[in-house]
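The structure under discussion appears below in the form of structure tokens.
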Amino acid sequence: MRELVLASGNKKKINELKDLLEGFLVLSLSDIGFDQEIAEPYLTFKENALQKARTVFQFCNKNVLADDSGISVLSLNNQPGVFSARYAGENASDQQNLDKLLEEMQGKENRRAFYTAVLCLIWEGVPHYFEGTCHGTLIHEPRGNNGFGYDPIFIPNGYSETFAELSSEIKKSISHRAQAMEKLSAFIKEQTNS
């Protein structure tokens, strides 16, 4: 079975990606003994995903998958975007980031937002990118206990529940990360069958 290292320390994100990566021996950063903090100094998801993937690849020389993702809000000029995980400050919790976004949204009529996920797969030393987006609307009060980050206030288009209320099966089929993973899976199938 092929090994694939997930360049993330976010346990919920790792579990979500593991669910989508059948047929691989998925290794976490702790599995390979990697404990460095990886800087994300760039202004695009793609550059940050590459930074994470490349740093881990240089450490272990295995196939590596990194993800950079976030939420963009139209009435906030697409903020927090790449700063989603640290919107309320460098070591902010999910709750602090969520509270800050709700505060920024007070009085805003346009509540449209979209999630973006960019996966960077370093496969046999070469980086490949896969992107997915999911559009929806922000509500005023958090609802639901599934998911993480901004999921409790994000209702995807075509649904009445938040990402944190939807079943993981539905979320896995419509989320930004699921879309990116679908493209990545097609790529891996192509590589492993050729």
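The values are calculated or read from the model by the stated rules, or taken from the named source; none is laboratory data. Keep in mind that this is a model prediction, so the values were computed, not measured. Positions of Cβ are backbone-derived with ideal geometry, glycine not excepted, and every protein chain shown enters the neighbour counts.
A few notes on this one:
- The single residue among LEU6, LEU29 that is within 23 Å of SER185 (Cβ to Cβ) and under 15 Å from the mean Cα position of the chain (by Cα) turns out to be LEU6.
- SER75 vs. criteria assigned to a helix (DSSP H, G or I), over 30 Å from ASN63 (Cα atoms) and hydroxyl-bearing (Ser, Thr, Tyr): yes
- The residue of the stretch 117-169 that is surrounded by the most Cβ atoms within 10 Å (Cβ to Cβ), among those that are under 30 Å from PHE57 (Cα atoms) and aromatic (Phe, Trp, Tyr), is TYR150.
- The listed residues are LEU65, LEU74, and the only one of them that is more than 23 Å from SER30 (Cα to Cα) and of a type in the set (A, V, I, L, M, F, W, C) turns out to be LEU74.
- Residue satisfying condition, being among the hydrophobic types (A, V, I, L, M, F, W, C), surrounded by fewer than 19 Cβ atoms within 10 Å (Cβ to Cβ) and either in contact with a helix residue (DSSP H, G or I) (Cβ under 6 Å, 6 or more places away or on another chain) or within 20 Å of ILE139 (Cα to Cα) (or both), within set LEU98, LEU76: LEU76
- Conditions (1) at pLDDT below 95; (2) within 26 Å of PHE187 (Cβ to Cβ); (3) in contact with a Phe, Trp or Tyr (Cβ under 9 Å, 6 or more places away or on another chain); (4) surrounded by fewer than 19 Cβ atoms within 10 Å (Cβ to Cβ); number of the one not met by SER173: (3)
- Given (1) at negative phi; (2) in a loop (DSSP other than H, G, I, E, B), number of the condition ASP68 does not satisfy: (2)
- Within the stretch 39-55, considering residues that are touching a helix residue (DSSP H, G or I) at 6+ places or on another chain (Cβ under 8 Å) and at pLDDT 90 or above, the one surrounded by the fewest Cβ atoms within 10 Å (Cβ to Cβ): LEU43
- Residue list for the stretch 56-73, restricted to those being surrounded by 17 or more Cβ atoms within 10 Å (Cβ to Cβ) and under 23 Å from LYS183 (Cβ atoms): VAL56, PHE57, ASN63, VAL64, LEU65, ALA66, ASP67, ASP68, SER69, GLY70, ILE71, SER72
- Matching residues in the stretch 2-36 - criterion: being part of a loop (DSSP other than H, G, I, E, B), modelled with pLDDT under 85 and either of a type in the set (Ser, Thr, Tyr) or over 15 Å from PHE130 (Cβ atoms) (or both): SER8, GLY9, ASN10, GLU22, GLY23
- Test: residue in the stretch 5-18 that is of a type in the set (Lys, Arg), out of contact with any strand residue (DSSP E or B) (no Cβ under 8 Å at 6 or more places or on another chain) and closer than 18 Å to GLY149 by Cβ: yes
- Scanning the stretch 18-38 for residues that are within 13 Å of LEU65 (Cβ to Cβ) and surrounded by fewer than 13 Cβ atoms within 10 Å (Cβ to Cβ) yields a single hit, LEU25.
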